[in-house]
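Read the figures in this text as sums done on the coordinates, not as results from a lab. All of these numbers come straight from a predicted model, not from anything done at the bench. Ideal geometry is used to build each Cβ from the backbone, glycine not excepted, and the neighbour counts take in all protein chains shown.
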């Protein structure tokens with residue numbers, strides 16, 4: 001049972017480049033989330049999907065878009081990367097919105 | 001607004017020492033409370049949780065008690081090990097269903 005998986009593990013981008021972070025879960029969870037983690041700031045919610053077919057903005061959505069491709073997969077896209085988006089990105093899922101969340105291993109992104 | 005305040009780290013202890021990491025929260029109502037742990041280079045793992053006042057969550061020798069009157073959820077362990085070195089996050093679900101995290105407390109345990 002893999003739980004929540006994320007790809008890639010590491011990525012370096014130049015300012016203005018685009019990329020998509022992939023997330024998948026095999027726990028049949030309804031809700032999925034994207035967070036970023038910055039030093040001294042805990043985790044901040046970027047976007048979430050309470051159920052398949054829905055997505056909503058979190059605390060820091062600017063510069064990002066998401067797609068809930070199906071029940072298993074939830075991707076995060078950076079259309080034009082900026083150095084301020086250098087961070088560690090975590091995907092999480094939960095059985096329902098407000099239930100215990102389970103996290104993936106993270107993607108460490110550097111934007112030069 | 002909703003927030004979590006944790007004691008600042010890093011916290012450095014010797015093996016077998018007693019650990020307390022303080023956590024207080026500001027929330028509407030009585031939310032479920034969580035401690036997550038992040039080992040170096042890994043994602044967050046749920047360590048323990050408590051869903052109502054006076055509940056005690058426990059796991060792997062760690063404990064935390066939901067104190068409604070002081071809006072606190074302090075994490076304790078009687079005897080830490082080197083393998084407990086990690087960053088610990090206190091969190092709760094707000095009324096909008098979103099998980100609110102503290103800034104994290106780094107724990108370093110020396111042999």
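For segment B:10-111, what is Rg from Cα atoms divided by 2.2 N^0.38 Å, rounded to two decimals? Walk me through the numbers before you get to the answer.
Values: Rg = 13.3 Å, N = 102, 2.2 N^0.38 = 12.8 Å.
For segment B:10-111, the normalised Cα radius of gyration comes out at 1.05.
Give me the Debye-computed log₁₀ of I(q)/I(0) at q = 0.16 Å⁻¹ for segment A:7-112, equal point scatterers on Cα only, no solvent, two decimals. For segment A:7-112 at q = 0.16 Å⁻¹, log10 I(q)/I(0) is -0.63. As a rough footprinting exposure proxy, the listed residues B:8, B:69 were ranked by other beta carbons within 10 Å of their own, and the order from fewest upward is B:69, B:8. Once the C-beta distance of residue B:79 and residue A:41 is scaled by a Förster radius of 41 Å, the resulting FRET efficiency is 0.85 to the nearest 0.05. When only Cα pairs below 8 angstrom with a gap of at least 6 residues are kept, chain A shows a relative contact order of 36 percent.
Straightening the chain between residue A:70 and residue A:2 buys 22.7 nm, computed as 0.36 nm per residue apart minus the Cα-Cα spacing.
Give me log10 I(q)/I(0) at q = 0.13, 0.19, 0.28 Å⁻¹ for segment A:1-69, Debye formula, one equal scatterer per alpha-carbon, no solvent. Once normalised to I(0) and log-transformed, intensities are -0.43, -0.92, -1.43.
Send over the Kirkwood Rh of segment A:1-40, from the inverse of the averaged 1/r over different Cα pairs, rounded to one decimal Å. Computed over Cα pairs of segment A:1-40, the Kirkwood hydrodynamic radius comes out at 12.6 Å. Taking a ≥ b ≥ c as the square roots of the eigenvalues of the Cα gyration tensor, the protein assembly as shown is classed as prolate, since a/c reaches at least 1.5 and a/b is larger than b/c.
Would you mind ranking A:32, B:7, A:27 by Cβ crowding within 10 Å, fewest neighbours first? Could you put the intermediate results ahead of the total?
Values: A:32 29, B:7 17, A:27 14.
Lowest to highest Cβ neighbour count: A:27, B:7, A:32.
Residues A:90, A:74, B:62, ranked from the fewest to the most other C-beta atoms within 10 Å, line up as B:62, A:90, A:74.
Bridges between two residues of chain A, per DSSP, are antiparallel at a rate of about 90%.
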